[in-house]
Amino acid sequence: MSRRTRDAYMITRFFSAALALLITVICAFHPAFAASPSGEEETISAVKKAKPSVVSIITTFKPGKEGGGSGVILTKDGFILTNAHVVENAKTIQVGLVTGKKFSAVIVGCAKNKDLAVIKVKANGLPVPVFGNSSKLELGQTAIAIGNPLKFQWSISKGCISAMNRDIKTRGIMYRDLIQTDAAINPGSSGGALIDLKGRVIGINTLVYTGNNEYKNAQGLSFAIPINSALETSKFLRKGEVQASPKPWIGISAITVTRESAENYDLPVKNGIIVDGVVGYGPAKKAGIEKGCIITDFNGQRVYSVDDFKALLNGCVPGQSVELTVWKNSKRQRINVTIEHQTK
């Protein structure tokens, strides 16, 4: 082998080795080439992030009678979100952190018709979770429940998002747009966190459906309040603006549109409610709704009867703005109405 050939061979080997080293470095540090964590590692990481922000709640109602549940820390200075049925009518409320610290809590605001409450402890520096966006959930994505079922504190259960926008009537409450998951939820889990694989809170665990007499052994039917609506409600609860059993109000009376009335009066729609009375000082009047208007949609959901409208309205809180689709003077309009409490 000539000297020139040998030198060319050594140079080629050098650059080949350098290129291989460069590719190795890039693969090790560049996100596009980095090895993805396993599902198990993702779950462990998510739980580590969110678990410190979930609290245990112990309540007393009378001597010898205790209750329990869970909560999610809202702010560093002690506001905590939970279900209304966990703390409503409690004589004492004790909150426990994963560190072992315990605090006495008081109810700041309670919206029974949405089954949400905000309680407050005297503390600072509490661990606040990252909140996700429940409007962007996908069917089949992993869901992890963290809570205190049957007082087994900070238990973890894992499943997936089974369905969304579920409506269920139970406990005298019409729950709207719930997240359905097969992650196990049991008594004591209520008020705890439903999280995704990034440790973001996507829902407040609320109830499990066990079936009626015909389906006594139903399993895997757990439900959570989407975090977007829960946080919206919490804004008002933290101010104490919504108390024990609020009655949202816009100041109208109405009747259901029937097929017969639609045909007899040549109405522009076959479903909805006809406004037959408007309170002069009420929110509807202020927004421009008049007697004879027909309401067909409430925040994008179809209204088929007065009961439908009441159920949708009862799922709201004072100060919240809702969009109504209204036929007024033979024209279809979208009108924003700010909900109030009835005070007169």
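When the residues of the range 135-155 are filtered to those that are in contact with a helix residue (DSSP H, G or I) (Cβ under 7 Å, 6 or more places away or on another chain) and of a type in the set (Ser, Thr, Tyr), the one that is modelled with the highest pLDDT is SER155. Give me the pairs: first residue in the range 26-52 and closer than 22 Å to THR99 by Cβ and outside any helix (DSSP H, G or I), second residue modelled with pLDDT under 95 and β-branched (Val, Ile, Thr), beta-carbon distance under 6 Å, and six or more apart or on different chains, which are they? Final answer for the pair search is none. In the range 52-83, of all residues being of a type in the set (Val, Ile, Thr) and under 16 Å from the mean Cα position of the chain (by Cα), the one that is surrounded by the fewest Cβ atoms within 10 Å (Cβ to Cβ) corresponds to ILE73.
Between SER305, SER321, the distinction of being hydroxyl-bearing (Ser, Thr, Tyr), open to solvent by 10 Å² or more (accessible area, probe 1.4 Å) and at pLDDT below 90 belongs to SER321 only. Among the residues making up the range 84-94, those that are touching a Lys or Arg at 6+ places or on another chain (Cβ under 7 Å) and open to solvent by less than 60 Å² (accessible area, probe 1.4 Å) are ALA84, GLU88. Applying the criterion of being out of contact with any Gly (no Cβ under 9 Å at 6 or more places or on another chain) and either of a type in the set (Ser, Thr, Tyr) or within 12 Å of THR325 (Cα to Cα) (or both) to the residues of the range 251-268, the residue that is least open to solvent (accessible area, probe 1.4 Å) is SER261. Tallying residues that are under 24 Å from ARG171 (Cβ atoms) and touching a Ser or Thr at 6+ places or on another chain (Cβ under 6 Å) within the range 116-133 yields 3.
When GLY64 is tested against (1) modelled with pLDDT under 90; (2) touching a strand residue (DSSP E or B) at 6+ places or on another chain (Cβ under 7 Å); (3) small (Gly, Ala, Ser), just one condition goes unmet, and that condition is (2). Only strands (runs of 3 or more DSSP E) whose full extent lies in the range 108-216 are considered here, and the ones with at least 2 residues that are buried (at least 21 other Cβ atoms within 10 Å of the Cβ) and in contact with a Lys or Arg (Cβ under 8 Å, 6 or more places away or on another chain) are 142-147, 173-181. If only residues of the range 96-131 that are under 27 Å from LEU197 (Cβ atoms) and among the aliphatic types (A, V, I, L, M) are counted, the one that is nearest to the chain's Cα centre (by Cα) is LEU116.
Only residues that are assigned to a strand (DSSP E or B), small (Gly, Ala, Ser) and touching a Phe, Trp or Tyr at 6+ places or on another chain (Cβ under 9 Å) were counted across the range 303-344, and they come to 0.
The values are calculated or read from the model by the stated rules, or taken from the named source; none is laboratory data. Values in this document were obtained by computation on a predicted structure and should not be read as measured data. Heads up, the Cβs are rebuilt from the backbone with ideal geometry, glycines too, and the neighbour counts pull from every protein chain shown. For accessibility, only protein heavy atoms count, side chains too; no ligands or nucleic acids. Shrake-Rupley method; radii C 1.70, N 1.55, O 1.52, S 1.80 Å.
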